[in-house]
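Data block below; observations after.
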Amino acid sequence: MKEYSKHISDTWNISEPVARELCECYEKGYSPYYCADYRPLIAVELDAAGIWPIYDFLRKMADLSPKKKRLLNALKKSGKLTGDLEKRIVHGTNSFELDDMLLPERLNPRSKGQLALKKGLAECADAVLAQQDAATLDDIIAPYVGRDPSLATPDDVIENVKDIIAERFAYDETARTMVREFMYDDGFFDVVTKSKTSDTLSRFVGKSVPVKEVSKEELLMLLSAEDKKLARVKLTVQLFRITELLKHHFVVNPDSPGFPLISEAIDDGWVRLLQPIAERDIKERLRDEAEGWAIGVILRDLQKRLSVEGEEKSCVACGIPDKKNFAVIACNDKGRLYGAALEKKIPLDKPVVSERLRQFVLRYRPERILVADNENVALAEAIITKSLEGITVHPETVRVTRAQGTPDIALSAWMKSECADLEEPMQHVFAAALAYVHPLRLLPKIGAEYFSLHPLQSCVTPARLSECVDRIVTGMSLARGLPSHELGETLAAINLEPFVGEALKKEIILRGQKEPFTSKDDLLKVPTMSESSFRSLAGYVIVPTADFALDRTTVHPDHFSWIAEICGQLQLPPEALVNDSEAVRSYPEPDFAKKLFIEKKLIGQLGVGQRFGAAAFAKPKRKCKLTELEEGSVASGRVTNITPFGVFVNINAVCDGLIHISQLADTYVESADQVVNVGDVVNVRILKVDVKKRRISLSMKGLGHQGPKVSPSKRQLTDLASHFENR
């Protein structure tokens, strides 16, 4: 794939070394997430959203490989393959261009031109195309009259020769490229609708609208209408302009006797052969460009929406879907179902109290109550009002209507399989809730067509939209890390195909059930784990109770040796680096790409481990003997007690160490609680170890970035407040 690095560099405006490394990563089967988070050269220029289009391009190039092989074999067999032509084919990225080169090698034996050649008219066509003044057209065709039973008259010969010439022109690679570019630049749309009342297509009906004046959104709307057979969208050009262009290319001598025949062949070749091919190809090109634009806009907007999501919020939904039952469900905004109930045979003449609704509101404290908007919505709202009497905080009541044109989620295959235990009325109410909260994490599983997410949604296929959401959700899940004790559940919820397949996911889940993961390297013990799958996954797996600090972070095992170098340079243990990841900034990294990688990625990856520090300390470890402690080294520990004279810290030794109050910070400290609290994880330097007295003297001084911040004491705050009061 490295042959495409120059094209990638030019198209996506990235450096060629980055393009080459991306090609290499694609060939090795590494995921875009791994490239964006763990390959320094790539990570400083691109994020996963920027890498996915390049991977999609490389996947298309891989799909083109069989066609290239067929073309190379055909040209080699016919003796036309040259070194320059082979290089052009190997580096080619345009499927249309390959088709143009392959077409003359795979001619249709039943075409008009090929049937005419079988009648022995090749030399006659060559003579006409020679465009010489030496003979008249009658002189050229006369020897071929009667040569075949179908060539009884001169007109028969002329008609057959025209078919041969028309096909030669249509199969000319330069001509095909030329008419495509002309149609792309100067083509126009003629739209014929089946419904004369269509408002969305009205501006195009009865007009020739230039392609350049059609927005990408309008273009996708037109092509979508054609796909649904609601309209015929014809892409064409002005006939006289395209024929003049072709004549300029093919006609050498306009005074030759064959000029009228050549002109007719050009007209016939365009209408019968070139125009349909060019229209198909340019429509495909325009669709790809417009879909790429729409996907980019949707991705950006959905990414913003996901990035501002806060804590999970609950909601309650209810409704009377069948005039007999009152259904109630509770879920969160991620689509997780908390509970469901069905109260049967409710009276329709007056509102009653729904005990289950009341229980759900008191238990889950929802922000709003959703009501399915149907013919029974008024009664449902009356039941809600009656049921919430006496409750202090009333959630907002919102009517929910399914977006026009979207099918009912209750009828989806996902609802039938995942919520089969719910009775049908509860399924309908749950579907209404999902349509309102539209949980992005469930969208790829349920189907994009069931939701109204974005104004441009109708411009792309449901499959493309689901793919976009899938990539966003997976990327954000990986960025948060995959705790090993939740690995099975998390892997089931995200899509890492084809980098981590379903079979391997099951093996990982089985391995975790048999024996807990104790380090990232335990993934290598999973059956069928490949090198590419390990690289794509290992960095994101977090082992909260691991002995080794880096296993509790999202740092990739590929970088463990690098972290060891950093720790050696800064004279800090990995535990200290995890507790204060900002300390890495002081590492004098000479490589510019790695320096940027530290700023953009590594600091955050180390910082993830702070969330799991308590789990690591809670795990019982062998206490270090006093003789094993090295004076002058830096260790991490947890504050166990604060006294007027200092702080006791557990550094996993046989006894706690003491930080005298004078050693708590580089500046004056009045009381220890200005610096630390009980339970804090701190970095300390071992000053002295007294084995006989079983004493460990510690210090928090001179740790640079590791040094603590000193807060004002209560006395200082009181004096400051008094100062301002007396001004």
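Values quoted throughout were computed directly from the atomic coordinates according to the rules given, and no laboratory measurement underlies them. Keep in mind the model is a prediction, meaning the values are calculated, not measured. So basically every Cβ, Gly included, is an ideal-geometry build from the backbone, and we count neighbours across all protein chains shown.
Observations on the model:
- In the chain, the DSSP beta bridges split such that about 75 percent are antiparallel, to the nearest 5.
- log₁₀ of I(q)/I(0) at q = 0.14, 0.18, 0.25 Å⁻¹ - region 548-607, Debye sum with one point per alpha carbon: -0.31, -0.52, -1.09
- Evaluating kT/(6 pi eta Rh) at 20 °C and 1.002 mPa s, with the Kirkwood radius of region 487-530 over Cα pairs in the Stokes-Einstein relation, gives 201 µm² s⁻¹.
- All Cα pairs of region 6-104, percent lying beyond 16 Å: 59 percent
- FRET efficiency for the Asp547 to Arg285 pair, using the beta carbon distance and R₀ = 51 Å, is estimated at 0.35.
- Simple point charges give the picture: +1 on the Cβ of Lys and Arg, -1 on the Cβ of Asp and Glu, and for the chain a dipole about the Cα centre of about 2820 debye.
- Taking the longest Cα principal axis of the chain as reference, the axis of helix 462-480 is set at about 30 degrees.
- For region 105-294, the percent of C-alpha pairs falling in each 5 Å distance bin, counted from 0 to the bin holding the largest distance, reads 1, 7, 15, 16, 14, 12, 10, 8, 7, 5, 3, 1, 0.
- Helix 239-250 axis, angle to the chain major axis (alpha carbon atoms, nearest 10°): 80 degrees
- When the helices of the chain are scored as -39500 (n - 2.57) per DSSP H run of n ≥ 4 and the total is divided over every residue, the value at 222 nm lands at -14000 deg cm²/dmol.
- Spin-label pair Glu424/Arg464, simplified geometry with 7 Å Cα→Cβ offset, distance in nm: 3.7 nm
- Tail fraction, Cα-Cα pairs, region 304-377, threshold 14 Å, whole percent: 62 percent
- Sorted by Cβ density within 10 Å, fewest first, the residues Thr236, Thr528: Thr528, Thr236
- The Cβ shell under 10 Å around Asp522 holds other residues with a net charge of 0, Lys and Arg each +1, Asp and Glu each -1.
- GluC sites (Glu not before Pro) within region 271-346: DSSP coil, no more than 11 neighbouring Cβ in 10 Å: Glu311, Glu312
- Rg(Cα)/(2.2 N^0.38 Å) for region 237-360, N = residue count: 2.44
- For the chain, the longest principal axis of the alpha carbon atoms and the long axis of helix 424-437 meet at an angle near 90°.
- Distance cut-off 52 Å, percentage of C-alpha pairs in the chain lying past it: 38 percent
- Cβ-defined net charge surrounding Ile266, 14 Å radius [Lys, Arg +1; Asp, Glu -1]: -1
- Distance between the C-alpha centres of region 349-421 and region 1-68: 48 Å, rounded to the whole angstrom.
- Region 499-601: mean projected area of Cα convex hull, nm²: 7.1 nm²
- Scanning residues 5 or more positions from Val541 or on other chains, those with amide H under 5 Å from its amide H are Leu482, with H placed 1.01 Å from N in the peptide plane.
- In nm, spacing of pseudo-spin labels at Asp255 and Asp227 (7 Å Cα→C-beta vector): 5.6 nm
- Given Lys247/Lys283; Lys216/Lys247; Lys112/Lys207, the pairs whose alpha carbons are separated by over 27 Å: Lys216/Lys247; Lys112/Lys207
- For region 434-563, the Kirkwood radius over C-alpha pairs fed into Stokes-Einstein at 25 °C and 0.890 mPa s yields D = 153 µm² per second.
- Across the alpha-carbon atoms of region 381-493, the computed radius of gyration and Dmax are 17.2, 49 angstrom.
- Cα convex hull of region 314-439 - mean projected area over all directions, nm²: 7.1 nm²
- Extreme residue, positive dipole direction of the chain, given options Leu72, Thr474, Gln359 (C-beta unit charges): Gln359
- Virtual spin-label span in nm between Gln513 and Val377, 7 Å along Cα→Cβ: 4.5 nm
- Segment Ala413-Lys67, extension gain: residue separation times 0.36 nm, minus the distance between their alpha carbons: 120.8 nm
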